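Trainee: What follows is a single structure, and I will ask about it in a moment.
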């Protein structure tokens, strides 16, 4: 089963990299919301500014794992693949991704955040949550939340 998991992760990494290969970066000052009014969001903006999503250090992603809600729709779309790849390596980042998407589904904000995502981006995002669900299926306390999020992110409203 480990070989199957390794192959599934490799396929997912390739899908994420392919899906976001041509995604445009956010405009200058457009990474986060209201950075001029909020020091934390200004720091988030400064830590990501000028970096391609593939170049963001894992330490930066870990430090900002709780700041996903502070990203603008363009910033969220552009930097999400970095968080997804980090979430494959770090369960805490993965858990914050799950929490962020669950909260967005509950309050309806996920529709706006995903409105500009391409079909390939949505499919790769769904594949991420499906893989997380599959990997937890054999655990002592499997979570159905991963699969519920996987189903919600592909639907367009």
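Taken together, the values in this text are just the output of simple stated rules run on the coordinates, not laboratory data. From a predicted model like this one, the values you see are computed outputs, not experimental measurements. In this analysis, Cβ positions are derived from the backbone assuming ideal geometry, glycine residues included, and neighbour counts consider all displayed protein chains.
Trainee: Once the Cα atoms of helix 2-19 and of the chain are each reduced to a long axis, what angle between those two axes, in degrees from 0 to 90 to the nearest 10, is obtained?
Mentor: It is inclined by approximately 30 degrees.
Trainee: Enter the angle in degrees (range 0 to 90, nearest 10) between the Cα long axis of helix 91-107 and the first principal axis of the Cα atoms of the chain, meaning the one along which they spread out most.
Mentor: 70 degrees
Trainee: For the chain, set up a Gaussian network in which alpha carbons nearer than 10 Å are linked by springs, and say which option among 72, 116, 32 fluctuates the most.
Mentor: The residue with the greatest mean-square fluctuation here is 116.
Trainee: Report the calculated FRET efficiency for residue 27 and residue 118 (r = Cβ-Cβ distance, R0 = 25 Å), to the nearest 0.05.
Mentor: Working: r = 18 Å, r/R0 = 0.74.
The formula returns an efficiency of 0.85 here.
Trainee: What full-extension length gain, to one decimal in nm, is calculated for residue 54 and residue 151 as 0.36 nm per residue of separation minus the Cα-Cα distance? List each step's numbers first, then the result.
Mentor: Details: separation 97, 0.36 × 97 = 34.92 nm, distance 2.62 nm.
Extending this stretch completely gives an extra 32.3 nm.
Trainee: Round to the nearest 10 and give me the degree value, 0 to 90, for the angle of helix 119-136's Cα axis relative to the longest principal axis of the chain.
Mentor: Value to nearest ten degrees: 50.
Trainee: Of all the Cα-Cα pairs you can form in the chain, what percent are over 20 Å apart?
Mentor: Numbers: 5837 of 12246 pairs.
In whole percent, the share of Cα-Cα pairs in the chain beyond 20 Å is 48.
Trainee: Of the candidates 19, 103, 86, which one comes out as most mobile in a Gaussian network treatment of the chain with C-alpha springs shorter than 10 Å?
Mentor: Its mean-square fluctuation being the largest, the pick is 103.
Trainee: While we're here: Let me have the 222 nm mean residue ellipticity of the chain computed from DSSP H runs of 4+ only, each contributing -39500 (n - 2.57), with the sum over all residues rounded to the nearest 500. Can you show the working numbers first?
Mentor: Values: 8 runs with 102 residues, N = 157.
Using -39500 (n - 2.57) per qualifying helix, the result is -20500 deg cm²/dmol.
Trainee: If contacts are Cα pairs under 8 angstrom and at least 6 residues apart, what is the relative contact order of the stretch 2-154 in percent?
Mentor: The normalised contact order for the stretch 2-154 reaches 23 percent.
Trainee: Set the Förster distance to 22 Å, then compute FRET efficiency between residue 13 and residue 91 from the Cβ-Cβ distance, nearest 0.05.
Mentor: On the way: r = 17 Å, r/R0 = 0.76.
With R0 = 22 Å, the Cβ-Cβ based efficiency is 0.85.
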